[in-house]
1. Under the definition of Cα pairs under 8 Å and six or more residues apart, what whole-number percent is the relative contact order of the chain?
2. Based on the alpha-carbon gyration tensor of the stretch 58-166 and its eigenvalue square roots a ≥ b ≥ c, which shape applies: rounded if a/c is under 1.5, prolate if not and a/b is larger than b/c, or oblate?
3. Enumerate the residues in the stretch 39-57 having an amide nitrogen under 19 Å from the point lying 7 Å beyond the Cα of Trp209 toward its Cβ.
4. Which one, Ala107, Leu120, Leu152, is farthest towards the positive end of the dipole of the stretch 90-215 when Lys and Arg carry +1 and Asp and Glu -1 on their Cβ?
5. Run through every distinct alpha carbon pair of the stretch 166-207 and return the Kirkwood hydrodynamic radius in angstroms, one decimal place.
6. Counting each pair of different Cα atoms once, what's the Kirkwood radius of the stretch 146-192 in Å, rounded to one decimal?
7. Tell me, rounded to the nearest percent, the portion of alpha carbon pairs in the stretch 58-110 spaced more than 17 Å apart.
8. Quick check: residue separation of Trp165 and Lys12 times 0.36 nm, minus the Cα distance between them. What number comes out in nm?
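Coordinate-derived values only; no laboratory data. Everything quoted here is computed from the prediction, not taken from an experiment. Here Cβ is always computed from backbone atoms with ideal geometry, including for glycine, and neighbour counts include all displayed protein chains.
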Amino acid sequence: VKEVTGTEEEIKNKYSHWRLRIFYACFIGYTVFYLCKKNIAVALPGLSAEFGYSNMELGLLGSSLYLTYGIGKFVNGVLADSSDVRKFLPTALIMSALANLCFLASAMLITPGHVSFFGLPAKSVLLWVFAFFWGANGWFQSAGFPAVAKSLTYWYSNSERGTKWSLWSCSHQVGTFLSVIVSGFLVAHYGWKMAFLVPSLLALMVALWLINRLR
């Protein structure tokens, strides 16, 4: 542990600087998580039109994310307690972005038609591959909140947490809003695949930025 040096005023200024830096990094980082989570809602109509999936089949995708998300919140909460937030949060965001890219790649590599895999239609195989990668995305998405919770708890006292948590909680709504706007624009102009590609690339860049910002 490095000893804190300087006058009382210098230490106070440094502490204020780092607390603000940690807060806005957590806010922006968690907002970007939502770009790789809510994007599927806008992309589903285009995905359905291209592959002909029913609403019940498409419901499998959303279910796969929330199943792994629920379990992952507990498991990743335990892991986050003994982890370095500076590594844990960016890694989770990178893996979420990669899960989105794998989801997109599977749509390009597996073409539904008469081709079958081990006796199964390619269309059915593709649906389960989609569900697998979207479920994986749910797992990595669940690692975002525990890391932020640990970081804010370390940097803010009990008397401040109500205010800081309520402010940080706005990142959920901001992330959902931006995801719908960004993904909606991309789908309308460039097709549903862009709703996975662009948010993934943004998430990768923000993850690298978080490594620099977090402590």
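1. Result for the chain is 41 percent.
2. It comes out prolate by the Cα gyration axes.
3. Residues 39 fall inside that zone.
4. Leu152
5. It works out to 11.0 Å.
6. Every distinct Cα pair counted, the radius reaches 12.7 Å.
7. So the pairs more than 17 Å apart make up 52 percent of the total in the stretch 58-110.
8. My answer for the length gained is 52.9 nm.
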